[in-house]
Every structure is written in C-alpha cells, then in structure tokens.
Amino acid sequence: MMSSKTVKKLILSTVVLTLLALPAFSAAAEIELETAYTAEELAKVRAWEKTWVGKKIDQSNIDQVAEFMPESYVGIYKNPQEWGAPPEGFWFTIVPYRRVKMSKGFLEATAKYHTQVKVDEKGYIANITEIAGRPFLEPKTGLEIMWNFELNNHGDTYNYRKFSPNINPKTRTERLADQEYWEFYFINRTELDPKPALPDERNKKEYRRGMFMTMFKPAEFLNTRMYTLRPIDQDKEDVSYLWYNQFRRIRRLSTNQRTDSIDGSDLIYDDEYLWDGQLSRNTYALKGKKELLCSRNESLKGTTRTKGQAMLNNLKFERCKLYIVEAVNKDPNYIYSKRVLYIDPETYYIMWSDIYDEKGRFWKCFGNFTRPLKSETGAMVPSIMGSCYNDFQRTHSGLSDQERLQPPKSGIKLSEKIFTISYLQKTY
Amino acid sequence: MKNFLKILTLLCLVTAMSLSSAQNADAVVRLFDGKLEISGFIKETAYYKINKFDRAWDHGPADGHDSPIDYLMTSAYLETLWNIKEDPFGWNIRFFNGLRYWVEKAPLIDDQIHRRIAPWHRKRYITPRDFELDMLTECYIDIQKGPWQVKIGKQIVIWGQNDIGRVADVVNPLKLTHGVPGVDTWEEVKQGLWMIRAFYQSSLPGNLLFEFIFNPGDHKVGDYFGYTGTHWGDPYALDAAFVPGQEPGIGGFILESDRRAAPSWDFDETYAFGGRIMGTTGNFQWTLLVWNRLQDFGLANPYNIGAYSFRYVSAGILGSITGNFDFPGFDGAEDAFKYKRFTTIGGTVMTEWPWLHYTTWDLEWFYEIGCPLNTTSSGSGSSSDIDGWTRKDIFGFSIKVGDRFRLPKKINDFLRTSKKVDWTLTYFYEKVFSHEHDLVLNDRYHKQQDSVADGFSFWFKLEFLNTAFAFVHLSSYYLQTGGQMHVPSITYYFPERILNGGLRFTLGAKIYLRQAHDAIYTNYDKKDSIIIKLSYEF
C-alpha cells in the first residue's frame, strides 16, 4: 500500500503536468485564425448584403458596386462588347460573405508551430523545414503576409486539370491550352504523413515543392511534360526540365523562362497562383486593406461562356476585406514594374492582382476563384477553382477552369519520385 | 509475326473506332474510359523548286522534271497507347504502337520524276510496301514497377539532345528518303528496332538511372542518301548512267548494292547492345553511354568491289555502244560490301549558367573505337577510288547554348506578343585520329582528305500576333566544306473553332549553298524549294 506522502506526490505531479500540458491542448482547441471582418465590420457588411445579395450585376448597375471591384474589371462589365460578351452582356450575382476555415490539420499545425517561427536578418523563416501551418497570425508587414501565402500548402498534394482558353475577344477567336498538374510539398505539410516535412533521406536536395505538368493542348505539345522543383533556399532558383514529346527531347529550362509568357496566354510562369516564385525575388510593402468582391466559396459549375467571351457569366461574388501588398521585383529588367496583390486574410490566396508594365502603366489584372474543396482525407482545403486573366493594353484575355474536365483533388497519394528525368520520359 | 502485328494493330484501331464514345475536348482521342489513347497527325507537304532548270545540270529532258513540284507528300502518323494497368505504387503496363503511311505523289504527276527513280525504289518511295519496315514505327509493351521498367518490342531510342546533327544519338539508324531531322519528327526519319530495353531507377546519389538495351539481331540499313532521282537523293543527272534514261546510274547501283548487302536478322551476327547511365550532380544533368553494333551502312570490300563493279561497268560500256543497257543485277553484293562491328562511347551534359544570362548549355560527345572506314591508296579520299579499308578512332562533340530574350516593348506591342525570342546555337566538331589523308569520309560531311569536320547550326523562334503565328529559322554551316542550309518558315495556328485547334499551315523555304568540293550538299544543290505544308494534329 502506498504511503500518504507518495499519494500526495503523485497527485501533485499529475496536477502540475496537467497544468503544463493545458496550454497545448487549449491552443489546439482554441486557435482562431484571423477573419476578413471584425464583428463590427461584419455587421455593416450584412447590412449592405440585405440590399445586394441575390442581385444580378451587369452593365446597367455595375457602377453601384464599382467601389468593390477592381477598376479595370468595372470597365469590362461596362463595355462588354469589347470583351467578346454575348448579347446579354457580362453579369455576376452577389452572395453573402462566408468565412472560410482552414483544415483541422492546418489549424493544429498552426497551433503547434506559430510560436516557434524564427526569422533571420533577411526576413526569411530560418527554421522553415521545422514548421507548418500559418507562421504569422497577425502579420504586420508585406513580407509576413507573403510568408503566410507561401505556407499555404494546398493539402500537401494537389492534382488538377486546367482548361485554359486564350481569348482574343476582338476577333472572338481562342486557342485552347489543356494541362494537368500534380503538386507535392516536401515541407510545411499539415494533412499527410510525414508531417511537417519529409525526412532528410527523402529530400536530400532540400526542395520545398515539386510541380509536375502534362500538356494535352496545343496539339504539338500533346504529352509534353515538365517538372519544376523549388528549393527551400530562397536564394536558389527553381530547377525545371521539360520533355518535348514531338521531338522526344529533354530540355533543361532556363530560369529566364519564368518571365516568358506561357504559350499564347497573358501569363508568365511567375503568374501561376498570381505569384509563383521565390519570395526573395520581390520586395513587399503592405499598403493596407481593401474590400473587393471575390469568388471564394463557389464552384465554377453553373457559370456560362461562349467562345470568344473573355469573362465567365454567373460567377458568385461576395465581399471580402483583402490585404493589399505591393510587390516589386528586385530585377531592374523585370517585365513588370510592380504587382499589387489583393490577398484573402482567411485563405491567403491572392484573389486579385493588378500588374504594371516596365514604364509603370497599368497593364493586366488577374483574378482567382476559390472555394473549399473536400480532400481525399476528408479535410476541407481552400483551393483555386479557376482564374481570369486580362491584358488591358492589348485587349486580350485568358481563363482557367479547373473543374471543367475533371474534379481537382487534394491530399492524394503521390510520390516525390515523379520529379525525375526518368519519369518525364516514361511512355506518355 | 508481321501478319500478327498487322492484324493486332488494325484490330485495335477498328474495334476502338467502332465502339467509340470519344470525348473530343482533348487533342488526344480517349476510348474505353481513357484506357486507349489515340493521337497523331495528317500532313500534306509540297516542295516547289525555285531553281528548276539550271544549265549546269541541263541535259534536256534528263533534268528530271515536268514541273517545279519536286515533292508532294501526304503522310499520316498514328499513335495508340493502351493503358492495360495503371497504379503509381504498383504495376504499370502499357502497350504502345506507332503507325505511319504516306503517298508521295510527285512521281505520279510528273513522268520525268517517275522515270528517274530506279524501279526497285519507285514503289517504295511512293507508298510504303512493307508493314514492319515502312509502316510500323514502334510497337512495344512497357512494364514498370517500382524502380524497374522494361520495354520490349520495336522502339525508337533517343539518347542525344541535338535537334539536327546526331552526336550521342547512336542507337537507331536514320531513313532520310522522305525527310530530315529538325524539319520532320523522329518517327518520320528514324527506323525503329526490335529490342529489349530495361531501366533501373536507383536511389544512389545523383538519382542514377541505369539503362540497358539488347537488340537480338534486328539490323536495318541506314538510308542517309535518299533514292536517286527523288527530292532527297542524287539528281538523276549526277548519277551517270552509261545509257541515258536506262537505270541504274553508277551512284544508284553502288548505293543499292550496299543496301542489299546488309545482313538481316542473325542473332549471332547482327545483334547490338549497350547501355547508359543518367544522373544529376549539382546543377548538371549528365549521361554516359556505350553502344556496340554493326555499321548501319556498309563498307566497300576492297578485295571484291573491283570485280563486282566491273560487271556493271562492262555491261554499261557495251550498252553505251549498242544503246541497250543489260543490267547485271545485284548478285554478289553481299561480298562486295561488308558491315563491320564497332563500339561507341559517349555522353551528354546539360546545365544552366546563371552568371551567363541563365543560358542553358548542352554538351554531347562520342568516341568511336575502331570505326571501320574505306581507304584509297591514291590518297584522294574519293569514294570512286576505294581499294582498302581500315579502322580509326573518331572523336566528336557538340556544344549547344540556348537562351531567350525579350524584344523591346514597342516591338512586342506591334507584333502583339509577350513571348520571348527563343534561340539556340550549336557548334559541332569531329576528328578522325591518325588520318593519313586516304580515308573516305565524305559521308561524314568531311572535305576530302580532311580529318576534321566542324560547323554551326542556329535556330530561333518568334511567336507573334497572340501566338497565332510562329516564325522559325534553322541554319547550318559546315566550316570545312562550306555547305550551308537555311530553312526559314512561318506557321499559322488555326483557332480552336476550326478542327479543335489542331490545324496548322506552314510556308517556308529551303535554301542550300555549297562549295565545289562539298560532296554531300551536291545532293541538295539545285534543290532550293519553297515549302508548303498543311497539317492536322490530334
């Protein structure tokens, strides 16, 4: 039988241990990521929604919501025929704002790691291989916001097929690009084991993310394949190889290629996700916040478009207060003088992007359409369903629809071994 | 075996087509829930000769043309891929087929061309005659599990990365009777070989990939010269028939004799084997290869070629007297020409140099150990003087640099493009060691009696008008011989609404320039042509 002293010691140590462990549990249960609106702000939004939710917005009333649209897109809705609109013009519907929550795995990782983030003198996260989730719960700078964007892992693995017409709205002609993508995150993983990162022996070359792409259209690129590996080291550039099927050749892709436009589109390779490159390539300035109408909870099924039409009809837009981050590339010869990024504070996707040419003139505006997607593991992961790209100097457009040909999938079983030359060359 | 393959392939296609519920959103046709994928192209190509009548070659009707259309080819290529089993973490089994067909109509519409092609080439030039040799480009089963992969069947292997010249690309012989590399696809100019090809993807440092190939005896002749009288062959007038208008001329006779002397399937004699290791070290992606094979074009046997040629010459002399050439045939060709075995080692290196504008660099090299070559005791190095043979080591390499640059914005705005100009520049070099100026090397683009052959090729591409158009230019220049080729072209890509975006129209030109001592470009001299091409890819 234990003595009373022993029993007391046992009880005391149990209490102490419980008290020590409590913060961890309570953090996991209680971590709340930021929302687009405070309670007060939300009340005002709801009041506005009483008038506008369910309303169809078109040429006749776009001015009434112009303050919540990128200025360039107001022009598209006001001058639809210039952009290949059908007889009824362009229109969208307003829906209520809905908060988008991150997955349970993401929240748990955030709870566990956000206090462990170490930033070096350059502003890089020094221990990035050891963390996952959102590093900065209350970002104060443009760079911190971009780190939150960077650590959005799309469910650790992601597969989607991009149906991408490149549109000349003036002539109502278009050329189709059709590509399938697979993404794989080596580090900052929150959904699939191993978490938060692959062990060193599976990531000897220290990559952060791999992307594999197979092309189906244009026809001469059928079964041409490419992979890109992004190093963890912010000072290293992506490594890309292309298998050009028609000539059965492997090409090392130059870093130069990242600023080349993709086929006939208005995008350059850096424009994927509205920014896709090492964060270190830009300087970032937080310019405040702006409320814009975004598609962030809706599927693109149900939208309509005819050939030559630059915008989808029947999009569902909701108000959202977005971060404004101005990104200026450190290369003085970069194709863009700056990008102004509008970032969703709940998902950290770039929802809109204004792009300026080398002379500082407004050039392009791109937009992302996102919604929560149920992953293969059952988690709800906010994902990009499509994008719109418009070049306002050349009146040229592009769209991407990632739900049209096959459903996107997050959290799929995928091996890092697909990012090898031998896999590139495999039969088809 | 040939009939079985023919029936199997056709059955596959017919069944697929008859049961098709094809989706047509893709460039590729998918059937049976995506298990069977079908793609390919149909193409119409015409070469309109610019310099049709040249007095230097003018022998009246023997010039060989009724019209400037020197080439009018309808060709089709079909690929089928049957995904028998697909499991990224288990077994993957695929069956791949490539089929081609063509009709070269120039001899059908131009009597002169028709008459100038030797009868044993004519039919095969116009349409394919043999299913396995001409129509079946590839046919193999691909089995993969984990790090292992095996491909068994007829395959086209590409080990080098150059677009025109071949340095490390040593496995499959070329067939240049209907096209050339860089202009036509590899399926159109390379000959598939039956082989077993095995891969092992290791986890060793550098991600080493091991590849081994064994060809159990499928030996095919490399057709590097085209058929006499055709667009890619010797002009008829060069062929020097003893009796004008009566085939074959001496050139055609020698080339065809060499082809007929080629050994066919013989496990003990005509096998080939080799392998390759591919890896990545730092910023370099490299390969090392070794390949042992028979030559794909034979050497004249100095102990026999004289007697063999004499039969032809004596018949020719008699014919020039009587006016009737009694062709002696090709009996004995297999003794007059021999195919010898040798080994090639080589490799490639690919990298990017950030400090040099992020240019990409490709280095390829080869070393032929004891390459068999003919010799001339006269020291002329001329193929008409052959009286010996020897073996020499030959080393060659190519360096290719590639880059992209952006045109000034004003020009880009005018051209309505955001695409950068894409270009590559390649220098290639080859040296025959212990050269005693007696070697016959003209088939290797050497100037007579010269141990070195080198040159440049240049390629660039500019897309404009929202990539509705692409301008491509390809040039090559041999420094020793002065032979040049320039091929500019513009392609229009039809929009999506027309045949699902698969239609292309190309207008271009092929210009050849040569010096008097350039034996190879003599074939192409007076072949300057406008290229007109319409293709549909699916």
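The values are calculated or read from the model by the stated rules, or taken from the named source; none is laboratory data. The structure presented is a predicted model; accordingly, all values stated were derived computationally and were not measured. Glycine also receives a Cβ, built like all others from the backbone with ideal geometry; neighbour counts cover every protein chain displayed.
Set side by side, the residues B:267, B:199, B:253, B:225 differ, and just one is assigned to a loop (DSSP other than H, G, I, E, B) and in contact with a helix residue (DSSP H, G or I) (Cβ under 7 Å, 6 or more places away or on another chain), which is B:225. For the residues B:427, B:492, B:477, B:445, the requirement of being within 14 Å of chain A (Cβ to nearest Cβ) and either closer than 30 Å to residue B:538 by Cα or touching a Ser or Thr at 6+ places or on another chain (Cβ under 8 Å) (or both) singles out B:492. One residue alone among A:375, A:415 is away from chain B (no Cβ under 14 Å) and among the hydroxyl-bearing types (Ser, Thr, Tyr), and that residue is A:375. With respect to being surrounded by 16 or more Cβ atoms within 10 Å (Cβ to Cβ) and not small (Gly, Ala, Ser), residue B:436 falls outside the description.
State whether the residues of the range B:168-177 include one that is farther than 30 Å from residue B:70 by Cβ, in contact with a Phe, Trp or Tyr (Cβ under 7 Å, 6 or more places away or on another chain), buried (at least 21 other Cβ atoms within 10 Å of the Cβ) and more than 13 Å from chain A (Cβ to nearest Cβ). Yes, some residue in the range B:168-177 is farther than 30 Å from residue B:70 by Cβ, in contact with a Phe, Trp or Tyr (Cβ under 7 Å, 6 or more places away or on another chain), buried (at least 21 other Cβ atoms within 10 Å of the Cβ) and more than 13 Å from chain A (Cβ to nearest Cβ). Whether a residue is within 14 Å of chain A (Cβ to nearest Cβ), basic (Lys, Arg) and outside any loop (DSSP other than H, G, I, E, B) was assessed, and residue B:151 passes this test. Per the conditions (1) in a strand (DSSP E or B); (2) at positive phi; (3) within 12 Å of chain B (Cβ to nearest Cβ), the sole criterion not satisfied by residue A:214 is (2).
Where residues in the range A:217-232 are among the β-branched types (Val, Ile, Thr) and within 18 Å of residue A:161 (Cβ to Cβ), which of them is nearest to the other protein chains (Cβ to nearest Cβ)? Residue satisfying both the conditions and the ranking: A:224. Of the residues making up the range B:394-448, just one is on the phi > 0 side of the Ramachandran plot and in contact with a Gly (Cβ under 6 Å, 6 or more places away or on another chain), namely B:437.
Does residue B:165 meet the test of being more than 12 Å from chain A (Cβ to nearest Cβ), surrounded by 19 or more Cβ atoms within 10 Å (Cβ to Cβ) and either basic (Lys, Arg) or in a loop (DSSP other than H, G, I, E, B) (or both)? It is true that residue B:165 is more than 12 Å from chain A (Cβ to nearest Cβ), surrounded by 19 or more Cβ atoms within 10 Å (Cβ to Cβ) and either basic (Lys, Arg) or in a loop (DSSP other than H, G, I, E, B) (or both). For the criterion of being farther than 30 Å from residue A:394 by Cβ and more than 19 Å from the chain's Cα centre (by Cα), residue B:450 passes. Of the residues that make up the range B:382-395, is at least one assigned to a strand (DSSP E or B), in contact (Cβ under 8 Å) with a residue 24 or more places away in the chain, within 14 Å of chain A (Cβ to nearest Cβ) and surrounded by 16 or more Cβ atoms within 10 Å (Cβ to Cβ)? Checking the range B:382-395: not a single residue is assigned to a strand (DSSP E or B), in contact (Cβ under 8 Å) with a residue 24 or more places away in the chain, within 14 Å of chain A (Cβ to nearest Cβ) and surrounded by 16 or more Cβ atoms within 10 Å (Cβ to Cβ). Considering only residues in the range B:279-295 that are in contact with a Gly (Cβ under 6 Å, 6 or more places away or on another chain) and surrounded by 22 or more Cβ atoms within 10 Å (Cβ to Cβ), the one that is nearest to residue B:339 (Cα to Cα) turns out to be B:291.
Among the residues of the range B:335-366, the ones that are more than 26 Å from residue B:264 (Cα to Cα) and out of contact with any Leu (no Cβ under 6 Å at 6 or more places or on another chain) come to 18 in all. The requirement of being out of contact with any Leu (no Cβ under 7 Å at 6 or more places or on another chain), acidic (Asp, Glu) and within 24 Å of residue A:345 (Cβ to Cβ) is not satisfied by residue A:130.
Entry remark, the range B:442-463: residues being buried (at least 20 other Cβ atoms within 10 Å of the Cβ) and under 17 Å from residue B:411 (Cα atoms) number 1 in total. Among the numbered conditions (1) within 30 Å of residue A:205 (Cα to Cα); (2) surrounded by 15 or more Cβ atoms within 10 Å (Cβ to Cβ); (3) touching an Asp or Glu at 6+ places or on another chain (Cβ under 9 Å), the only one that residue B:301 does not meet is (1). Assess whether residue A:236 counts as being within 13 Å of chain B (Cβ to nearest Cβ) and part of a loop (DSSP other than H, G, I, E, B). So residue A:236 fits the description; yes. When residues in the range B:396-409 are screened for being modelled with pLDDT under 90 and more than 11 Å from chain A (Cβ to nearest Cβ), 1 of them pass. Of everything in the range A:240-273 that is in a strand (DSSP E or B) and at the interface with chain B (Cβ under 7 Å from one of its Cβ atoms), the residue that is surrounded by the fewest Cβ atoms within 10 Å (Cβ to Cβ) is A:249. Filtering the range A:384-412 to residues that are within 11 Å of chain B (Cβ to nearest Cβ) and either in contact with a His (Cβ under 9 Å, 6 or more places away or on another chain) or assigned to a strand (DSSP E or B) (or both) leaves A:391, A:396, A:397, A:398.
Here is a yes/no grid of residues against (1) assigned to a strand (DSSP E or B); (2) within 14 Å of chain B (Cβ to nearest Cβ):
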position	(1), (2)
A:148	no, no
A:154	no, no
A:160	yes, no
A:166	yes, yes
A:171	no, yes
A:179	yes, yes
A:183	yes, no
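Checking the structure you have, find out if any residue of the range B:414-431 is within 18 Å of residue B:368 (Cα to Cα) and over 23 Å from the mean Cα position of the chain (by Cα). No, the conditions are met nowhere in the range B:414-431. Count of the range B:408-428 residues, restricted to those that are without any contact (Cβ under 8 Å) to a residue 40 or more places away in the chain, of a type in the set (A, V, I, L, M) and more than 30 Å from residue B:169 (Cβ to Cβ), is 1. Run residue B:137 past the list (1) within 14 Å of chain A (Cβ to nearest Cβ); (2) among the β-branched types (Val, Ile, Thr); (3) surrounded by fewer than 21 Cβ atoms within 10 Å (Cβ to Cβ) and report the number of the one that doesn't hold. Failing condition for residue B:137: (3).
Within the span defined as the range A:274-288, one or more residues are touching a residue at least 24 places away in the same chain (Cβ under 8 Å), assigned to a helix (DSSP H, G or I) and crowded, with 19+ Cβ neighbours inside 10 Å.
Checking each residue in the range A:289-307 for being not polar (S, T, N, Q) and not in a strand (DSSP E or B) picks out A:296, A:298, A:300, A:302, A:305, A:307. For residue B:449, indicate whether it is free of Cβ contacts under 8 Å to residues at least 60 places away in the same chain, over 22 Å from residue B:405 (Cβ atoms) and not in a strand (DSSP E or B). Answer is no for this residue.
How many of the residues making up the range B:328-346 are surrounded by 17 or more Cβ atoms within 10 Å (Cβ to Cβ) and in a loop (DSSP other than H, G, I, E, B)? Total meeting the criteria: 2.
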